1. Diagonalise the Cα gyration tensor of the stretch 275-326 and give the resulting equivalent ellipsoid semi-axes, square root of 5 times each eigenvalue, largest first, whole Å.
2. Would you pull out the residues with amide H under 5 Å of LEU11's amide H, same chain only if 5 or more places away, H placed 1.01 Å from N?
3. Under a point spin-label approximation (7 Å from Cα along Cα-to-Cβ), what is the LEU117-ASP215 distance to one decimal in nm?
4. Could you sort LYS54, LYS196 by their accessible area in this structure, using a 1.4 Å probe and putting the largest first?
5. Run the 1.4 Å probe and let me know the accessible area of THR36, rounded to the nearest 10 Å².
6. In what order, largest first, do GLU138, GLU150 sit by accessible area if the probe radius is 1.4 Å?
7. Put SER30, SER5, SER24 in order of accessible area, largest first, 1.4 Å probe: what do you get?
8. Probe radius 1.4 Å, ligands and nucleic acids ignored: give me the carbon and sulfur share of the accessible area of the stretch 2-122 as a rounded percent.
Amino acid sequence: EVEYSEEPGTLYYIKYHLAGGSRSNFLTISTTRPETLFGDVAIPVHPQDERYSKYVGKMAIVPMTYGHHVPIISDKVKACVSVFSKYCCILQILHQLALIDLTKETDLAVTKEPHSLRVPRSQRGGEPLAEKALLAVEKGELTIIPERFEKRTNIKDWCISRQLWWGKRIPVWYIVGKDCEEEYIVAKSAEEALMKARDKYGNALWPFSTPGWPDESAEDFKRFYPTTMLEIGYEPLCLTPVPWYIVLLGCKNGHDGTEFTGTVPFSYVYLHGLIRDSQEFGTDALRFALALGTAGQDLNLSTERLTANTAFTNRLWYAGKFVLQVLPNRDNVSG
């Protein structure tokens, strides 16, 4: 599921000096990924290219490798050395820009020129949207409570997987959550199907569609969007980074309010902790235990804690009952 896109890049030309030769005796190699030269094991030339026939059998020095020699060959021998770690990172500490700067300093760089690259992109990844959510947090448009969750740095796009179809699609659209045998829309296009679905069922995108979107001039839209606060447990943060996940939650079925309206769907996000216990000891005892917790923290409900809270709330209940019994009846109080 990889799709290719034409993107602007750079073609670099780098000198490979011949071993034992003078500084003016070198081959020029062109590449769009100079940082992979550390994996070079040979320099292949076309057997019928007379320009390079005199070099076949000699050795060349790979730049920036402190004298690593590789043969110049003209056959179809294939050798491969991986320059990537198991995490798909370049093993060498030198990245592309730093490497090019070094080749210039050591007089190994020849030139560079603009070059159109055919870059493979994951079809499931789509367009990057995390930057918009991250920017909303940085600009203060979205406030995370507790604020320590704002300091997460592994901000990445959330991959929303989907199924691919094979064969020809029929012009039928089904309504999510409805009986597919009975609830469906037949139309000539997706736009027409959406209009029919809206007329029949109303729009399901929350919170920006219910007050009138896409008519952003609607009074309800201007009055009620964006909303103020989203309250949710923090446990999904283990799966996805904070800003992208939270902004995505602002609308139903995965549609992003920020993407469609240009405004984050709410100003505050309150992330509460989790209740972790195997049984309950009564509403009052449970509520009292929760009131003693810290915002945004997990709360481990132990049997001992709930037992103590049960005894305490029972005392409060009896004390309150006694006070109500000894107080004068409000019917007998003047005024």
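The values are calculated or read from the model by the stated rules, or taken from the named source; none is laboratory data. Remember, predicted model here, so these are calculated numbers, not experimental data. Methodologically, a virtual Cβ is constructed for each residue, glycine included, from the backbone with ideal geometry; neighbour enumeration extends over all protein chains shown. Note: accessible area is taken over every heavy atom of the protein model, side chains too, but ligands, DNA and RNA are not part of it. Shrake-Rupley method; radii C 1.70, N 1.55, O 1.52, S 1.80 Å.
1. On the way: eigenvalues 126, 27, 11 Å².
The equivalent ellipsoid of the stretch 275-326 has semi-axes of 25, 12, 7 Å.
2. Distant-sequence amide H within range of LEU11: GLU113, HIS115.
3. 4.7
4. On the way: LYS54 130, LYS196 85 Å².
Largest accessible area first, the residues go LYS54, LYS196.
5. Here the accessible area works out near 50 Å².
6. On the way: GLU138 130, GLU150 70 Å².
Reading off the accessible areas and sorting them downward yields GLU138, GLU150.
7. Values: SER30 65, SER5 40, SER24 95 Å².
Largest to smallest exposure gives the sequence SER24, SER30, SER5.
8. Working: 4550 of 8250 Å².
Carbon with sulfur: 55 percent of the solvent-accessible area.
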